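See below for the structure under consideration.
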Amino acid sequence: MTPALEALERLREGNHRFAAGDSNHDARSARTRRDELASSQLPFAAILGCSDSRVPVEIVFDQGLGDLFVIRVAGNIVAPSQIGSIEFAAERFGTRLVVVLGHSRCGAIQATLEQLQRPRENQSRNLHSIVDRIRPSVEGLLATELRHDPETLVQHAGRSNIRASVSHLRHGSPVIEQLVRHDGLLVVGAEYSLETGVVDFFEGVAAAD
Ligand SMILES: [Zn+2]
């Protein structure tokens, strides 16, 4: 089992390599590793990321086969199936670090802000289920001066949504709460910059609030 802080360091180092254009991992040379992993896995971190094609999790953290347990959904939202997936990784594989990875200029955040400002009645019910989960963490911002500055608004809304997902995961199930309290599980938020390739881990990652 990889302790949470050690796992965090591996992710930081991998992202530094990626952002510097110095990645180690090459999927084409993964044959040996694939054979090793066929019967078991011990992913050292679980990542809840956005489906955005520009944020492929293994690539931006420069990790290979078997390293990361990844859940991707538009807007990196937390619904019961995401919570269940995290419980699964933590209990079955001993994964002790969970990262909610949002990113700059997130389309799901933009769509939610648009929907709040100009509601469309014919929006699909399925898409609505994503917007509804993002809405509580961003609608308060529309009552502030930020509403006059679309770019900053999306930036703040994205960060607020990441923090909300972290909080939902930390408190979303008794299993996860127990693991956080007694068994070293760490749930942290982070934001990937489409512009620089750098992942910014949010402050106070060691705090289990
Ligand atoms: Zn996104």
query = Say a paramagnetic label sat at a point 7 Å from the Cα of S85, along Cα to Cβ; which residues of segment 47-65 have their backbone N under 13 Å from it?
reply = 47-52, 57-58
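Can you give the convex hull volume of the alpha carbon atoms of segment 34-155 per residue, in Å³?
Details: hull volume 15.2 nm³, N = 122.
Taking the convex hull of the Cα positions in segment 34-155, it is 124 Å³ per residue.
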remark   = Measuring from its Cα centre, the chain shows a charge dipole (+1 at each Lys and Arg Cβ, -1 at each Asp and Glu Cβ) which, in debye to the nearest 20, is 480
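Determine how many Å³ per residue the convex hull of the Cα atoms of the chain encloses. Don't skip to the end; give the middle numbers.
Numbers: hull volume 27.0 nm³, N = 209.
For the chain, the hull spanned by Cα atoms encloses 129 Å³ per residue.
Taking only C-alpha pairs under 8 Å that are 6+ residues apart, what is the relative contact order of segment 30-97 in percent? Provide the component values of the computation, followed by the final result.
Working: 76 pairs, mean separation 28.0, N = 68.
This gives 41 percent for segment 30-97.
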message = Taking just the alpha-carbon atoms of segment 1-84, what radius of gyration and Dmax come out, in angstrom?
response = 13.5, 37
message = Pairs of alpha-carbon atoms within less than 8 angstrom and 6+ residues apart define the contacts here; what relative contact order does the chain have, in percent?
response = 24
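Quick one: net charge of S23's neighbours, Cβ under 12 Å, K/R +1, D/E -1? The partial results should precede the final answer.
Numbers: positive: R17; negative: E13, D22, D26, E58, D62.
Around S23, the charge tally is -4.
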message = So for segment 147-209, averaging the separation of alpha carbon pairs under 8 Å that are six or more residues apart and normalising by length, what relative contact order in percent results?
response = 23
query = Per residue and in cubic angstrom, what volume does the convex hull of the Cα atoms of segment 150-207 have?
reply = 85
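Throughout, read-outs are computed from the coordinates displayed, never taken from laboratory work. Just so we're clear, the structure is a prediction, and the values are computed from it rather than from any experiment. Here Cβ is always computed from backbone atoms with ideal geometry, including for glycine, and neighbour counts include all displayed protein chains.
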